[in-house]
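Read through the structure below, which is laid out as structure tokens, and then see the notes.
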Amino acid sequence: MPAVDSGGPGRTEARAVLLLGPTACGKSAYAMALAERLGAEIVSVDSAQVYRGMDIGTAKPDAAQRARVPHHLLDLRDPAEAYSAAEFAVDARRAIDAIRARGRVALLVGGTMLYAKALREGLAQLPSADPALRAALDAEAGELGWPAMHARLAQVDPETAARLAPNDAQRIQRALEIHALTGRPMAQLLASQRADAVAGGSAGSEGGTETTALPVLALVPQDRAALHRRIELRFDQMLAAGFLDEVRALVARGDLHPDLPSQRSVGYRQAWAYLAGTTDAKAFREAAIAATRRLAKRQLTWLRSMSPETVVDPLAADAAHRVEEAIARWCCMMP
């Protein structure tokens, strides 16, 4: 990559790095400090922060943080709208190109691992959604429950089922839909297309075949109990900050419902149930924290599969130094 003017006393190469980790591990704090230290801009890799009006429950950077460091891919959609991994990959590449053109570093920060994978590897070519089939699957799930649908998926596509939570309705539905439409497990289709790509084939993707070579710095807490305590503390801080009032405003709109992709986000789904009167305050808090812990576990599983170039324990005493050292080395900005 050619050198570009950084606006400082010298010249440097503008690079892009993925800083990924589970929820509540401290990604945002590290990213803010790094961005200010390295003159970087932050690109959100978060499927919930793209929605306007969903700020507290997504831990979205506030106005003061955005004034200190430029942030990208926040508030892109109304909560009634959809946003896909394919759209993210396109938007992220545009943001990276613009940041590089300014001679700055792009820090892609978040925990939506499918988005990161789509950006780095492209998306596999899979059949389009079938509304009638999806409606039928939703109806069955309404009668049997998503854990039963997950058990069905385990019979026809055990590899995909193994990486999905029993209540991950959106992904279970998609995997069952693909099997019904193609007669083949989604995991098998993905593996076949990856093999074609490695062999120089022309496997397509829902977002195109374009890939972006980006190093991954994975924040992986070694003390899971400590991560769980951070998850609990952060959720209580969200509640104190007015999270339920935020969800009440979404409910009051009248055009949203809990099955929308935006409202399936961890915390929001449980808040809708509480506000509907189906759970009490104690059960709501426990369910939201448990769902967040399950999310963190899935994020860590994804991270391991991505073979990150560097792994840092964000809770370790020397974590800040190790994170900055790795990113500065990649970005050719070591002081």
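The values are calculated or read from the model by the stated rules, or taken from the named source; none is laboratory data. Keep in mind that what you see is a predicted model, and the values were worked out from it rather than measured. We place every Cβ from the backbone using ideal geometry, glycine too, and count neighbours over all the protein chains shown.
The helices (runs of 4 or more DSSP H) found entirely in segment 82-201 that carry 3 or more residues being of a type outside the set (S, T, N, Q) and either more than 28 Å from His257 (Cα to Cα) or touching a strand residue (DSSP E or B) at 6+ places or on another chain (Cβ under 7 Å) (or both) are 85-101, 113-121, 158-162, 186-198. Pairing residues of segment 25-45 that are touching a residue at least 40 places away in the same chain (Cβ under 8 Å) with residues that are acidic (Asp, Glu), at Cβ distances under 8 Å and at least 6 apart in sequence or on separate chains, gives Ala33/Glu324; Leu34/Glu324; Ala35/Glu41; Arg37/Glu324; Leu38/Glu324.
Only a single criterion out of (1) in contact (Cβ under 8 Å) with a residue 12 or more places away in the chain; (2) over 15 Å from the mean Cα position of the chain (by Cα) is not satisfied by Asp97, namely (1). Among the residues in segment 214-225, are any assigned to a helix (DSSP H, G or I) and either outside the structural domain of Gly57 (by TED's automatic domain parsing) or at pLDDT 95 or above (or both)? For segment 214-225, residues assigned to a helix (DSSP H, G or I) and either outside the structural domain of Gly57 (by TED's automatic domain parsing) or at pLDDT 95 or above (or both): present.
State which residue is farthest from Tyr51 (Cα to Cα) when the search covers only segment 65-84 and only residues that are crowded, with 18+ Cβ neighbours inside 10 Å and not β-branched (Val, Ile, Thr). Among those residues, the one meeting the criterion is His71. Among the candidates Ala48, Ala89, the residue that is crowded, with 18+ Cβ neighbours inside 10 Å, modelled with pLDDT under 95 and closer than 25 Å to Trp302 by Cα is uniquely Ala89. Selection over segment 183-200 of residues that are farther than 14 Å from Glu121 by Cβ, surrounded by 13 or more Cβ atoms within 10 Å (Cβ to Cβ) and modelled with pLDDT under 80 gives a count of 1.
With respect to Leu260, determine if the residue is hydrophobic (A, V, I, L, M, F, W, C) and within 21 Å of the chain's Cα centre (by Cα). Criteria met by Leu260.
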